[in-house]
1. Please name which of 257, 157, 190 has its Cα lying farthest along the dipole of the stretch 135-274 towards the positive end, using unit charges on Cβ (Lys, Arg +1; Asp, Glu -1) and the Cα centre as origin.
2. For the stretch 51-61, take each phi angle, set θ = phi - 60°, evaluate the Karplus expression 6.51 cos²θ - 1.76 cosθ + 1.60, and give the result in whole Hz per residue in order, putting x for glycine and proline.
3. Among 210-220, 89-99, what's the highest-first ranking by average C-beta atoms within 10 angstrom per residue?
4. Rg and Dmax of the stretch 135-274 over Cα atoms: what are they, in angstrom?
5. Express the relative contact order of the stretch 135-274 as a whole percentage, based on alpha carbon pairs under 8 Å and six or more residues apart in sequence.
6. In a shell of Cβ-Cβ distance under 13 Å around residue 95, excluding residue 95 itself, what net charge do Lys and Arg (+1) and Asp and Glu (-1) give?
Amino acid sequence: MGRSTTRRSVVTIDVSAPPRTRRRQDHVAAEEPLEIRVRRKPLAVTMRTPGDDIDLAMGFLLSEGVIHRAEDVTTAQLCAGTDTPNTYNVVDVVLDPSVPPPVTDPSRNFYTTSSCGVCGKASIDAVRTRSPHDVAADPLEISARTLAGLPEKLRAAQRAFDRTGGLHAAGLFTAAGELLVLREDVGRHNAVDKVLGWALREGRLPLAGHVLMVSGRASFELTQKAWMAGLPLLAAVSAPSTLAVELAEEAGMTLVGFLREPTMNVYSGAHRVTVPGEIP
């Protein structure tokens, strides 16, 4: 798995009778800082699992509204940092001359943790980036049965999670339930950025007619990221937050939570989820 995991010695304790202890090697999810630079100027530092770092940087810039398409970026490359030995924990992005540089101000602190991508931002208004995509008009329809099967497909594709049990996942699906790409990271928002960065570099934006599935909960930030990529449906294994529901309603997005076969809760945009034999 490369730098995404590492091995550590642990003591396993079993308190069943009789109590037992044993020392063994265990896989631990890697977490390292990644600095994102724009035109060689530091913009953000995020704690992430190494891997797919270019996609992570592209997805971050997309979801922050700095870029909107692949042509907005001239080059993006991993650079030598200050660590010894070098860990290449820096991505330098050169924007097209037509793209305005990112605006930073005291209300926006671009340091993020692996658990919360919007930590340090002064207010909800500061992160409520407006999407250029009208997801409310997206005609996507998906069978509830197809939707219910996505968590199993997501879990089956999580190679690093099998080793560590400590990585979140985000997957991009078609309306037919086909998994197009999956990314894992200690930060759920990073996993989503990696998926969006992949889609951007593949020329797939906007992601009309597609479904974003995430492990864990659906937060305000993940809903915003989905909206910025033009996604009409965000589904999560766990609960959404109130702000996530409000933003999904504002955007005209379908938001599904507690997606655990055979049940789910649809918090907004229920018209896109079809139930055979049921009258909407």
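Read the figures in this text as sums done on the coordinates, not as results from a lab. Small disclaimer: the values here were computed from a predicted structure and weren't measured. Because the Cβ atoms are built from the backbone with ideal geometry, glycine has one as well, and the counts that use them run over all protein chains shown.
1. 157
2. Result, rounded to whole Hz: x, 6, 5, 5, 4, 4, 5, 5, x, 4, 5.
3. Final packing ranking: 210-220, 89-99.
4. 13.3, 41
5. After rounding, I find 25 percent.
6. Numbers: positive: 37, 39, 40, 41, 69; negative: 64, 71, 72, 92, 96.
Taking every Cβ under 13 Å from that of residue 95, the sum is 0.
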